[in-house]
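Okay, so here's the structure we're looking at.
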Amino acid sequence: MHAPRKPVLIVGSVALDTIETPFGAVRDVLGGAASYSSVASSFFTNVRMVGVVGEDFPREHLRLFQEREIDIAGLRTSTGETFRWSGYYEYDMNQAHTVATHLNVFETFCPTIPAEYRRTPYVFLANIDPDLQLAVLDQIESPKFTIADTMNFWISGKRNRVLDVFKRVDAITINDAEARQLCDTASLVTAGRQLLAMGPKMVIIKKGEHGALLFTPDDYFVAPSFPLEDVRDPTGAGDTFAGGVVGYLAFTDDVSEENMRKAVVYGSVMASYTVEDFSLNRLARLEHGEVLVRFAEMRRMTMIAE
Ligand code: AMP
């Protein structure tokens with residue numbers, strides 16, 4: 001890979017997930033928004049991860065982060081239990097049904113960004129309490145590009161704080177149901193425009209297996225999802241997508257609208273691998289060459305003759 005390649009700072013949940021899909025069930029496996037997005041980003045650039053785990057967090061999970069050369073100096077271990085999420089999916093795997101969310105060590109977590117991370121040019125505020133996302137924004141110095149994600153849990157519980165985050169970042173990612181919930185509209189085009197009016201310069205609405213919509217003040221772009229016949233577990237697809245987007249932007253150090261389109265397609269490619277297996281299992285055995293192959297296929301699939 002070539003220069004200019006800039007690092008990415010990622011803050012978000014690191015979790016133990018219990019998941020059931022029509023294709024299997026797993027208990028207390030590695031999950032969390034920061035885990036998926038950091039591993040996805042690491043295929044493009046250097047990643048600095050900020051989060052917290054409990055004393056029960058299996059050390060072997062750290063190995064995956066280390067193998068991907070993710071800097072985990074900002075991943076704290078606190079007294080208590082690791083964040084846990086449990087949920088299930090039916091055949092419509094675009095819809096996650098949450099059974100339980102236990103914030104555990106995240107309840108008292110106060111992120112301290114190590115001094116050497118504060119000038120990281122690319123920042124991804126992955127899904128976590130918007131108060132923590134704001135605390136991170138307060139500590140970073142003149143970032144080049146900030147992007148934030150959220151979910152229904154926080155939109156219902158801390159709507160105004162989510163909106164405060166949106167006011168302060170360059171871009172947001174949000175899924176279709178959450179965009180409708182937040183904007184109180186059936187139309188995703190209306191939601192995209194409303195979200196832009198809230199502050200960010202770019203809005204990406206994720207539509208699961210139906211791809212992603214990119215809104216900017218002057219442009220609109222649609223990236224399909226990579227067509228797969230075997231989807232085993234969609235957990236983490238959105239985080240992987242966002243990690244791929246910010247990783248590619250940092251790798252190219254180019255936040256133009258044109259490059260954003262490519263980043264969105266790379267995000268879709270990364271997410272397509274995550275959903276092929278439970279937890280981060282597929283990402284853990286993914287080769288960089290596979291990313292390039294699917295990107296080329298996506299380009300071919302979406303070409304329209306003159
Ligand atoms: P997604 O990309 O939307 O499928 O994100 C799935 C990941 O989000 C799972 O691995 C969960 O551990 C994590 N998660 C679920 N609920 C929350 C929450 N309220 N805050 C932060 N992370 C969460």
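Is it the case, given these coordinates, that F44 is open to solvent by less than 30 Å² (accessible area, probe 1.4 Å), away from the ligand (no atom under 16 Å from the Cβ) and under 21 Å from N127 (Cα atoms)?
Taking the combined requirement at face value, the residue satisfies it.
Among the residues of the stretch 79-94 satisfying the criterion of being open to solvent by 50 Å² or more (accessible area, probe 1.4 Å) and touching a Gly at 6+ places or on another chain (Cβ under 8 Å), which is farthest from Y36 (Cα to Cα)? Among those residues, the one meeting the criterion is T79. For the stretch 27-39, the condition of being in a loop (DSSP other than H, G, I, E, B), surrounded by fewer than 18 Cβ atoms within 10 Å (Cβ to Cβ) and more than 12 Å from the ligand (Cβ to nearest atom) holds for none of the residues. Filtered by the rule that a residue be more than 17 Å from the chain's Cα centre (by Cα) and either closer than 18 Å to D219 by Cβ or outside any loop (DSSP other than H, G, I, E, B) (or both), the stretch 245-290 gives T252, D254, V255, S256, E257, E258, N259, H288, G289, E290. A single entry from T82, T146, T112 fulfils the requirement of being in contact with an Asp or Glu (Cβ under 9 Å, 6 or more places away or on another chain) and more than 16 Å from the ligand (Cβ to nearest atom): T146. Within the stretch 98-108, restricting attention to residues that are of a type outside the set (D, E) and either in contact with a Cys (Cβ under 6 Å, 6 or more places away or on another chain) or surrounded by fewer than 23 Cβ atoms within 10 Å (Cβ to Cβ) (or both), the residue that is modelled with the lowest pLDDT is T108. Would you please name the residue that is nearest to G211 (Cα to Cα), looking only at residues in the stretch 149-160 that are within 13 Å of the ligand (Cβ to nearest atom) and of a type in the set (D, E, K, R)? Selected residue: D149.
Select from the stretch 16-26 the residues that are within 13 Å of the ligand (Cβ to nearest atom) and over 18 Å from the mean Cα position of the chain (by Cα) and list them in ascending order.
If the condition is that a residue be within 13 Å of the ligand (Cβ to nearest atom) and over 18 Å from the mean Cα position of the chain (by Cα), then T18, I19, T21, V26 are the ones that fit.
Residue by residue, here is whether (1) in contact (Cβ under 8 Å) with a residue 60 or more places away in the chain; (2) of a type in the set (A, V, I, L, M, F, W, C); (3) in contact with a Leu (Cβ under 7 Å, 6 or more places away or on another chain) holds:
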position: L214; (1), (2), (3): no, yes, no
position: F226; (1), (2), (3): yes, yes, no
position: D239; (1), (2), (3): yes, no, no
position: V246; (1), (2), (3): yes, yes, no
position: A250; (1), (2), (3): yes, yes, no
position: E287; (1), (2), (3): no, no, no
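Annotation: F215 fulfils all but one of (1) more than 28 Å from L286 (Cα to Cα); (2) open to solvent by less than 40 Å² (accessible area, probe 1.4 Å); (3) not in a strand (DSSP E or B); (4) not β-branched (V, I, T); the unmet one is (3).
Residue-by-condition table, conditions (1) within 13 Å of the ligand (Cβ to nearest atom); (2) open to solvent by less than 10 Å² (accessible area, probe 1.4 Å); (3) in a helix (DSSP H, G or I); (4) of a type in the set (S, T, Y):
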| position | (1), (2), (3), (4) |
| --- | --- |
| V136 | no, yes, yes, no |
| F166 | no, yes, yes, no |
| Q181 | no, no, yes, no |
| V189 | no, no, yes, no |
| P227 | no, no, no, no |
| G238 | yes, no, yes, no |
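Picking from residues in the stretch 294-306 that are open to solvent by 80 Å² or more (accessible area, probe 1.4 Å) and farther than 17 Å from N259 by Cβ, the one that is modelled with the highest pLDDT is R300.
Exactly one residue out of R76, R119 is over 18 Å from the mean Cα position of the chain (by Cα), open to solvent by 40 Å² or more (accessible area, probe 1.4 Å), within 13 Å of V50 (Cβ to Cβ) and of a type outside the set (V, I, T), and it is R76. Scanning the stretch 199-212 for residues that are open to solvent by 20 Å² or more (accessible area, probe 1.4 Å) and at positive phi, we see that the one that is farthest from the ligand (Cβ to nearest atom) is G199. Of all the residues in the stretch 1-26, those that are open to solvent by 40 Å² or more (accessible area, probe 1.4 Å) and not in a strand (DSSP E or B) number 8.
The values are calculated or read from the model by the stated rules, or taken from the named source; none is laboratory data. Please read all numbers here as calculations on a predicted model, not as lab measurements. Cβ: placed from backbone, ideal geometry, glycine included. Neighbour counts: every protein chain shown. Protein only, heavy atoms only, side chains kept; ligands, DNA and RNA dropped before computing areas. Shrake-Rupley method; radii C 1.70, N 1.55, O 1.52, S 1.80 Å.
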